[in-house]
């Protein structure tokens, strides 16, 4: 158990819908990262927040948005969902925002868009 | 964008033997970080080992070590005394401040450990 929690574990929804994935980092960690793992695109870095501020941005679609709240939990919002958004979404956290920081990954949220 | 290539989709090793997983990357930068992550069937991502590009010494973590060849842009992972619990998907990853702190992952190598 990494100490990072993600809810829900599984999510089934329909195309065109909007969902919110939630992540609670390890106690004391200020940085949160979001990743998408799909069969056709592999593991992709989406976005990083540090203490409420966006720190790095990867291949995150405009239909997706994220934020980190004052209590340091983070949410990833996915809207206008498409079949291709079906994937495993990971959240990770680290103490600081540095490149060398060890990230602790949550168990993931499996999203299925029908 | 940076590219990370893992040319071995699948590998197998006999228990207690040694196996090496390959990773190459493409970059024009001199300062960056390289990582190996393990993803067992539980799908959890676990950091195995990390290497800073400015350090010439190869990183080692117990039975896991890397062979970092900066000029060749190669970063292979050696697992010694393989154990059944090492069976997993292994991902190589690259990160640098010059690419906006993004992570770039390879496509992974699935490792089977044969008892």
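Tabulated data for the structure shown
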quantity: Gyration tensor (alpha-carbon) shape descriptor, the range A:29-95, a/c threshold 1.5; calculated: prolate
quantity: Label-point separation in nm, residue A:102 to residue B:57, each point 7 Å along Cα→Cβ; calculated: 1.8 nm
quantity: For residues of A:33-40, the mean tally of beta carbons on other chains within 10 Å; calculated: 1
quantity: Cα→Cβ-extended label distance, 7 Å offset, between residue A:17 and residue B:71, nm; calculated: 5.7 nm
quantity: Of B:12, B:28, B:74, the one that fluctuates the most in a GNM where chain B has Cα springs shorter than 10 Å; calculated: B:28
quantity: Cα-based Kirkwood hydrodynamic radius, the range B:1-52, one decimal, Å; calculated: 13.3 Å
quantity: Rg to Rh, two decimals, where the protein assembly as shown supplies the alpha carbon set and Rh follows Kirkwood; calculated: 0.97
quantity: Gaussian network model of chain B, Cα within-10 Å springs - most flexible of B:76, B:30, B:42; calculated: B:42
quantity: Cα gyration tensor category, rounded, prolate or oblate, for the range B:36-115 with a/c compared to 1.5; calculated: oblate
quantity: Convex hull projection area averaged over all views, chain A, Cα basis, nm²; calculated: 6.4 nm²
quantity: Rounded if a/c under 1.5, otherwise prolate or oblate - the range A:59-114, Cα gyration tensor axes; calculated: prolate
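Only the coordinates and a few stated rules stand behind these numbers; no lab work does. This one's a predicted model, so the numbers in the text were calculated from it and none came from an experiment. FYI the Cβ positions are ideal-geometry reconstructions off the backbone, even for glycines, and counts take in every protein chain you see.
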